[in-house]
1. If you go through region 105-121 one residue at a time, how many are under 15 Å from residue 135 (Cβ atoms) and either aliphatic (A, V, I, L, M) or in contact with a helix residue (DSSP H, G or I) (Cβ under 7 Å, 6 or more places away or on another chain) (or both)?
2. Return the residues of region 243-293 that are at pLDDT 90 or above and among the polar types (S, T, N, Q); say none if nothing qualifies.
3. When you go through 111, 132 one by one, which is the residue that is touching a Leu at 6+ places or on another chain (Cβ under 8 Å), in contact (Cβ under 8 Å) with a residue 60 or more places away in the chain and assigned to a strand (DSSP E or B)?
4. Among the residues of region 58-91, count how many are among the small types (Gly, Ala, Ser) and either modelled with pLDDT of 95 or more or buried (at least 16 other Cβ atoms within 10 Å of the Cβ) (or both).
5. Only one of (1) surrounded by fewer than 18 Cβ atoms within 10 Å (Cβ to Cβ); (2) at pLDDT below 75; (3) closer than 30 Å to residue 119 by Cα fails for residue 230. Which number is that?
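The values are calculated or read from the model by the stated rules, or taken from the named source; none is laboratory data. Quick caveat: nothing in here was measured; it's all calculated off a predicted structure. Neighbour counts run over all protein chains shown; Cβ positions are idealised from the backbone, glycine included.
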Amino acid sequence: MMRMMRMMNAICALLCLCASALAQYSSDQCSWRGSGLTHEAHARDVEQVYLRCSEGSLEWLYPTGAIIVNLRPNTVPESATESPLSACVKPRADSRGAGVYVERAGVMRMLLSEEEQAAGRVRCFRLDEGALFVQASTHSDISKRVTAFQYELIRGEMEIGGEALSTADPCTPCSNDEILMAVCTSDFVVRGSLASVVDGGDGDQQRSLSVSVSRLYRQKRRVFEGRGRSRWSGRVIVPRSCAIQVKQGLDLGVGQWAKLEEFLLTGAVRFGEAWLRCAPLYRDFLATYQKAVESGRNPCHMDLN
């Protein structure tokens with residue numbers, strides 16, 4: 001009987017230990033949430049985290065020691081010639097307590113400092129550069145600290161918030177070939193006019209353009225709101241360093257205004273926001289597209305009706 005009681009007590013202790021561990025660490029294929037309290041007695045401990053999704057999040061409460069975040073796609077490349085995978089990281093507004101690095105073979109480079117996290121910076125890196133190394137800062141009081149961010153995996157070399165992964169200047173107008181390809185591959189393609197420009201606050205490296213959409217061709221995640229093919233509106237983001245001018249229209253009298261110049265706006269959706277890339281005047285795009293169709297060089301068909 002005593003032996004049975006000891007066995008039951010041991011089983012109960014094991015179950016309590018497992019429940020405690022599950023309460024402090026939880027993860028799935030896309031996101032991870034944990035607590036540094038399990039590292040408190042061993043401040044140099046390093047935890048390995050594996051995430052296999054195209055997007056997700058991480059939340060590390062009371063950070064101590066370090067964690068290595070291995071990001072991998074949940075699909076295999078369709079061909080060996082596909083563009084390399086990159087990852088973009090967007091910190092939460094209250095993220096603090098750790099620096100975020102890219103690490104490979106013991107060599108680290110800073111991706112996001114605590115100050116950059118507080119400023120809401122978005123940073124990107126190529127997955128073949130290594131894994132994310134999240135290292136807790138030295139603080140005597142960790143009770144109110146949490147390191148948290150979202151991540152997205154993207155195919156190719158994109159510019160986010162002025163942080164170019166390629167050598168291309170995000171403010172440089174696209175070539176005709178780039179415009180034609182953007183129509184085929186962008187997360188959003190709309191025709192519309194720019195109503196206003198709103199700069200971010202001090203230290204913010206981006207600005208938003210309010211867009212009145214006359215034709216919605218394609219979008220991802222409903223970054224533009226409305227109904228039907230027209231009467232949609234939304235906003236697109238550009239680096240603050242780009243010079244943007246918005247024509248306010250021509251007053252014809254009696255409250256009538258000439259129609260604003262229309263653009264074809266294309267770009268990528270990152271973290272629920274539309275980031276602008278190619279934005280030619282619509283009349284210029286129309287001439288370029290028609291010439292490409294006549295010569296058979298258009299990479300995809302676009303319904304202009």
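1. Final tally of qualifying residues: 5.
2. 266, 288, 290 - these are the residues of region 243-293 that are at pLDDT 90 or above and among the polar types (S, T, N, Q).
3. Matching residue, one of 111, 132: 132.
4. Count: 4.
5. So residue 230 meets the others, but not (3).
To keep it simple, each residue is scored yes or no on (1) of a type outside the set (S, T, N, Q); (2) touching a Phe, Trp or Tyr at 6+ places or on another chain (Cβ under 7 Å); (3) at pLDDT below 90.
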site	(1), (2), (3)
117	no, no, no
134	yes, yes, no
140	no, no, yes
154	yes, no, yes
157	yes, no, yes
164	yes, no, yes
